[in-house]
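Structure first, commentary second.
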């Protein structure tokens, strides 16, 4: 097979999958981007990248009127080799630059925010707050029908979201809800001298998620103790990792640690 078409979260990922399929290097192929990736709105409507990677065809020698002297042929071959090395260097350099830019963007982009618990203090119902107006505009743009209420404390704001589209605002493992909470916190604390802790919840998802993580931690701890083999959990945000660590901190047979960089940092459960 001389070509491969692959999907990926970005162009580089799709190209690497195609190269692995063809068992070729980047210097041996031509890359055509068929579809550009799109992140969508809060992960909704996102699109993958599609590329076509095709093995380069051997260049056909051009017919010449008369044969060049041997010395000229050698010089031309050396020049061609030098040009090829330069092109490879440029390709490698450009690839590294793209990867560096990609990593830089990831570092600059807000990582998944910490999910905080609902404030324990007594809260007061608030019907007029910048956060409410912001969330109403955001959910309207997303085409969601939701009921949004807010309660405030001395240094905290708790926002509750209910409605038939609450599953969409929560997203996969709460990722959309986390993003909405992060943006709401930015709006609330902009030009604000005293930091306000913002918690955005939907259908009591935060408490349910914590209970799920506690059960998961205990079940996997039992598996590690039984099989004597460590277990790696899926990447989690800081608060979710903290729930796992706290649940197993006094376990008699296992211990926990984290590895990797956010947002791909994960918990490992292993024997003591």
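Say we look at the stretch 146-176 and pick out the residues that are part of a loop (DSSP other than H, G, I, E, B) and touching a helix residue (DSSP H, G or I) at 6+ places or on another chain (Cβ under 7 Å); which of these is farthest from residue 234 (Cα to Cα)? The qualifying residue farthest from residue 234 (Cα to Cα) is 146. Checking 240, 234, 214 one by one, the residue that is surrounded by fewer than 16 Cβ atoms within 10 Å (Cβ to Cβ), under 22 Å from the mean Cα position of the chain (by Cα) and assigned by TED's automatic domain parsing to the domain that holds residue 266 is 234 and no other.
For the stretch 158-179, a residue qualifies if it is within 21 Å of the chain's Cα centre (by Cα) and closer than 15 Å to residue 147 by Cβ, and the qualifying residues are 167, 168, 169, 170. Taking (1) more than 23 Å from residue 237 (Cβ to Cβ); (2) touching a strand residue (DSSP E or B) at 6+ places or on another chain (Cβ under 8 Å) in turn, residue 143 satisfies each apart from (2). The residue list 263, 252 contains one member that is within 30 Å of residue 163 (Cα to Cα) and not in a strand (DSSP E or B), which is 263. From the list 219, 209, the lone residue that is closer than 30 Å to residue 271 by Cβ and surrounded by fewer than 16 Cβ atoms within 10 Å (Cβ to Cβ) is 219.
Taken together, the criteria exclude residue 62 from residues that are modelled with pLDDT of 80 or more and outside the structural domain of residue 143 (by TED's automatic domain parsing).
For the stretch 246-262, the criterion of being surrounded by 14 or more Cβ atoms within 10 Å (Cβ to Cβ), in contact (Cβ under 8 Å) with a residue 12 or more places away in the chain and either under 22 Å from the mean Cα position of the chain (by Cα) or in the same structural domain as residue 172 (by TED's automatic domain parsing) (or both) is satisfied by at least one residue.
The values are calculated or read from the model by the stated rules, or taken from the named source; none is laboratory data. This is a predicted model, so every value here is computed, not measured. Because the Cβ atoms are built from the backbone with ideal geometry, glycine has one as well, and the counts that use them run over all protein chains shown.
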